[in-house]
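The values are calculated or read from the model by the stated rules, or taken from the named source; none is laboratory data. The structure presented is a predicted model; accordingly, all values stated were derived computationally and were not measured. In this analysis, Cβ positions are derived from the backbone assuming ideal geometry, glycine residues included, and neighbour counts consider all displayed protein chains. The accessibility values were calculated without ligands, DNA or RNA, using every heavy atom of the protein model including side chains. Shrake-Rupley method; radii C 1.70, N 1.55, O 1.52, S 1.80 Å.
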Amino acid sequence: MAKTIIELKNAELTLGEAAASVHVLKGVSLAIEAGESVGIVGPSGSGKSTLLMVMAGLERLDSGEITIDGTPLGGLSEDAIADFRGRNIGIVFQSFHLIPNMTALENVAVPLELANVRNAFEIARRELVAVGLGERLTHYPGQLSGGEQQRVAIARALAPSPKLLIADEPTGNLDAETGRQIADLLFAEQRERGMTLVLVTHDAALAGRCSRQVRVRSGEIVAEAEAELLTTSVRQGAASA
């Protein structure tokens with residue numbers, strides 16, 4: 001029987017205050033098994049990126065439960081969540097979030113050093129080679145293309161050997177061909193390492209490569225299906241609109 005690595009129960013979250021508050025997540029319940037690849041899809045403002053940030057421990061629920069690999073996050077302090085995230089969760093953002101005055105090698109190694117990981121630069125070098133950047137170790141982000149910067153970000157996310165890789169629009173700032181290459185890399189690394197991959201995307205083709213899709217609308221899960229079935233349904237709906 002497959003192990004559940006992510007479990008949400010009746011997750012509720014409101015962001016903002018008073019008249020500016022928005023009820024972002026409305027009683028969301030979801031279970032994701034270890035080794036799955038799951039695409040979270042839905043219109044802008046539906047709450048899908050916030051749902052992803054809850055899974056990453058970057059947003060706290062108002063009520064409900066979030067458990068990652070058997071650890072309930074709700075009762076942990078901010079420092080404890082940060083420590084847990086550093087050991088178990090890799091995160092890739094749309095905008096790369098690289099430190100501009102650090103080389104590719106330093107960008108990958110520094111988070112490891114902060115976590116007191118031995119041989120941080122050796123691990124960083126290995127991960128950069130794995131994502132095809134063995135010749136770019138000493139280059140700064142400004143000297144790299146968008147696709148290369150995202151590869152550095154992926155190497156940084158993979159360096160701690162996380163059980164869970166979370167990606168928020170990982171191809172959103174890239175052209176179609178570069179985006180395809182980055183998607184190939186993400187899924188190849190996920191399969192090779194046996195990780196769980198959860199990603200948010202507007203790209204139906206990228207979502208369709210996941211083993212399962214979760215469709216979110218207005219802060220609620222409105223559909224779950226194997227990726228191919230849900231992607232076909234979405235495309236048919238668009239064609240008839």
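Here are the numbers:
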{"read-out": "MRE, 222 nm, helices only [DSSP H, n ≥ 4, -39500 (n - 2.57), over the chain, to nearest 500]", "value": "-11500 deg cm²/dmol"}
{"read-out": "Label of the coordinate-derived value, Cα Rg over 2.2 N^0.38 Å, listed as [x] 1.09; [y] 1.01; [z] 0.95", "value": "[y]"}
{"read-out": "Degrees separating the helix 120-130 axis from the principal Cα axis of the chain, which is the longest one", "value": "70 degrees"}
{"read-out": "Solvent-accessible area per residue, Å², over the chain with all protein chains present [probe radius 1.4 Å]", "value": "48 Å²"}
{"read-out": "DSSP-defined beta bridges in the chain - what % are antiparallel, rounded to 5", "value": "55 percent"}
{"read-out": "Solvent accessible area, Å² - F93, 1.4 Å probe, full protein context", "value": "50 Å²"}
{"read-out": "Accessible-area composition of the chain, carbon plus sulfur, in percent [1.4 Å probe]", "value": "49 percent"}
{"read-out": "Nearest 10 degrees, 0 to 90: helix 146-158 Cα axis against the chain principal axis", "value": "80 degrees"}
{"read-out": "Helix axis angle, 104-114 relative to the chain longest principal axis, alpha carbon, degrees", "value": "70 degrees"}
{"read-out": "Inverse mean reciprocal Cα-Cα distance (Kirkwood Rh) of the range 109-181, Å", "value": "13.0 Å"}
{"read-out": "Cα-centre dipole for the chain with unit charges at Cβ (Lys and Arg positive, Asp and Glu negative), debye to 20", "value": "300 debye"}
{"read-out": "Distance from the range 190-226 to the range 109-186 (C-alpha centre basis), Å", "value": "21 Å"}
{"read-out": "Residue of A80, A204, A159 that the Gaussian network model of the chain assigns the largest fluctuation, springs spanning Cα pairs under 10 Å", "value": "A80"}
{"read-out": "Mean Cα-pair separation over length for the chain, i.e. relative contact order, pairs under 8 Å, 6 or more apart, %", "value": "26 percent"}
